[in-house]
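Working notes, structure below.
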Amino acid sequence: MRSHRIPSTRAAAMLFALLGCASGDLTLPADEPGLPAPASLEVVSGDGQQGEPGTVLQDPVVIRVLDDSSRPVRDTPVRFSFLGDLTGAALDPPSILTDEEGRASAVVRLGEVLGEQVVVAEVVGAQVPDLRAQVTAVAVEPDDNGGGKKGDGHGGGDDD
């Protein structure tokens with residue numbers, strides 16, 4: 001069996017090339033200055049609201065995308081969705097880019113069922129696994145003091 005030897009100058013050149021690739025000179029897109037990578041999401045507002053089933057909540061859900069130094073990350077795609085399938089539920093817009101302050105917001109229409117409804121905001125294509133935040137809203141029974149609201153027992157019935 002014949003052994004093959006690489007001449008020492010070729011071996012040295014290969015070694016330098018390999019060391020050069022591992023020396024930290026490699027720049028990935030997320031590592032470029034001015035392009036911070038999303039590292040976390042925080043809920044700014046809109047959590048804990050209540051409303052009647054099928055109605056639009058008073059305030060939009062607002063989240064903020066932050067980098068690993070807690071600075072806002074702009075132009076990051078965020079997708080809003082409901083946890084589970086809720087008939088009549090809607091989010092507007094369902095996806096959006098963050099603004100200069102790293103914020104993204106969506107208007108929430110509650111589903112047609114009573115109870116807790118969870119909205120999930122997540123960074124689209126995030127390098128960090130599970131980069132998401134949750135906001136909870138509650139669909140409650142209509143107020144009986146509404147004077148003609150659906151389900152309040154006033155008018156519209158066959159009470160003759």
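Derivation of every value follows stated rules applied to the coordinates shown; laboratory data play no part. Keep in mind the model is a prediction, meaning the values are calculated, not measured. Cβ placement follows ideal geometry from the backbone for every residue including glycine, while neighbour counts extend to all protein chains displayed.
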Exercise for the section: Scan (1) in contact (Cβ under 8 Å) with a residue 40 or more places away in the chain; (2) under 18 Å from residue 136 (Cβ atoms); (3) not basic (Lys, Arg) for the single condition residue 86 breaks and write down its number. Expected result: (1)
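State the number of residues belonging to the range 111-148 that are within 18 Å of the chain's Cα centre (by Cα) and within 20 Å of residue 61 (Cα to Cα).
Keep residues of the range 111-148 that are within 18 Å of the chain's Cα centre (by Cα), which gives 117-137.
So of that shortlist, the ones also within 20 Å of residue 61 (Cα to Cα) come out as 117-124, 130-137.
Here the count works out to 16.
Scan 105, 81, 70 and give me the residue that is on the phi > 0 side of the Ramachandran plot and out of contact with any Lys or Arg (no Cβ under 9 Å at 6 or more places or on another chain).
Values: 105 fails: on the phi > 0 side of the Ramachandran plot; 81 fails: on the phi > 0 side of the Ramachandran plot.
Criteria check complete, one pass: 70.
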Handout entry: So residue 98, is it of a type in the set (S, T, N, Q), surrounded by 13 or more Cβ atoms within 10 Å (Cβ to Cβ) and either more than 17 Å from residue 111 (Cβ to Cβ) or in contact with a Gly (Cβ under 9 Å, 6 or more places away or on another chain) (or both)
Key = yes
